[in-house]
Amino acid sequence: MVVFTGAGVSAESGIPTFRDSLTGLWERFDAASLATPDAFRLDPALVWGWYEWRRMKVLQALPNPAHRAIAALAGHVPRLTLVTQNVDDLHERAGSTEVIHLHGSLHQPRCFSCARAPDAPLETPVEPEGGRRLEPPRCVQCGGQLRPGVVWFGESLPSNALEVAFAAAKECDLLLSVGTSGMVFPAAQMPGLAWEAGAVVVHVNPQAQADREREYALAGPAGEQLPALLELAFGRA
Ligand code: BV8
Ligand code: ZN
């Protein structure tokens, strides 16, 4: 079994999804224009400030019933591979292990110049004054600026993570696609790879649709649909 998740699985934890990730301070920016290397080169403090704002929201958030149901599911099936597009650590905090992060993590900053990770973990982010800019910390090794450890648009995905994720999709019997709009590639190929290999694919999100054999839609919030699915399948979530 493969569970493939996007921002929707963290929505009920209060983490804005990508489509509306710019609520509050950021409503006038377009995420895709901030999540690029060029945006960072152009205005490192703006991009670093945005990610620190998001990291603060993640630190303040708690895993929701969807994350917990996915963690519980692993105990009910012979093999479960969890692949996420999310850069938060809510799956891990709900008890999931070996989470494959196709787009990196907010908790692994690295030097933009020499790619070295900082020795000490970042301090807890403060509400950026003025809500926008925060100078990125400096690398102790080369003095370069730290960048978020996420995969930006135009950057390639960690090759090992992608390889393992695609292999799991091709050999699974069932793939649950939870809380993703399926707009960003190559991650969005996951459900199609599983379907083409003969698996059953289940989409879980408020707008879920299924229009072919071996494909199902659970239209509703993951925090409700997944516990209900476990209840139905295993008698309790
Ligand atoms: C690559 C990390 C090339 C950062 C992210 C033109 C120029 C450059 C590139 C491209 C181009 N055209 C196409 C591309 C490729 C590009 C791409 O796909 N662009 C799209 C926009 C067309 N892809 C890339 O650039 C990738 N790299 O191709 O490299 C290359 C190749 C070889 C060698 C070198 C380079 C890299 C893409 C990774 C970008 N990074 N995130 C960060 O977080 O800041 S993407 C980000 O958006 C997410 O990680 C996610 O992957 C993506 C979409 O977000 P979702 O998770 O789906 O969330 P979204 O908000 O969209 O949807 C939420 C869903 O949940 C909705 O359906 C909603 O209904 C639902 N929902 C809401 N509430 C709930 C719910 N569901 C359940 N329960 C609820 N309660
Ligand atoms: Zn460095």
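Compared with the rule-of-thumb size 2.2 N^0.38 Å for a compact globular protein, the stretch 140-237 has a Cα radius of gyration ratio of 1.36. Measuring nothing but alpha carbons in the chain and taking Rh as the Kirkwood radius, the Rg to Rh ratio lands at 0.98. For LEU157, LEU90, the ranking by accessible surface with the largest value first comes to LEU157, LEU90, using a 1.4 Å probe. Report note on the peptides 166-176, 4-14, 112-122: ranked by the mean count of other C-beta atoms within 10 Å, highest first, their order is 4-14, 166-176, 112-122.
If the segment from ASP43 to THR124 were pulled out straight at 0.36 nm per residue, it would be longer than the present Cα-Cα gap by 27.0 nm.
Provide the per residue accessible area, probe 1.4 Å, for the stretch 2-234, rounded to a whole number of square angstrom.
Values: 11160 Å² over 233 residues.
Per-residue accessible area for the stretch 2-234 comes out at 48 Å².
Ligands, DNA and RNA left out, the 1.4 Å accessible surface of the chain is 53% carbon and sulfur atoms. The residue among LEU193, SER10, GLN60 whose Cα reaches farthest toward the positive pole of the charge dipole of the chain, with charges on the beta-carbon of Lys, Arg, Asp and Glu, is GLN60.
The values are calculated or read from the model by the stated rules, or taken from the named source; none is laboratory data. Predicted model only: the values in this text are computed from it and were never measured. When we count neighbours, we look across all protein chains shown, and the Cβ atoms used for this are built from the backbone with ideal geometry, even at glycine. For accessibility, only protein heavy atoms count, side chains too; no ligands or nucleic acids. Shrake-Rupley method; radii C 1.70, N 1.55, O 1.52, S 1.80 Å.
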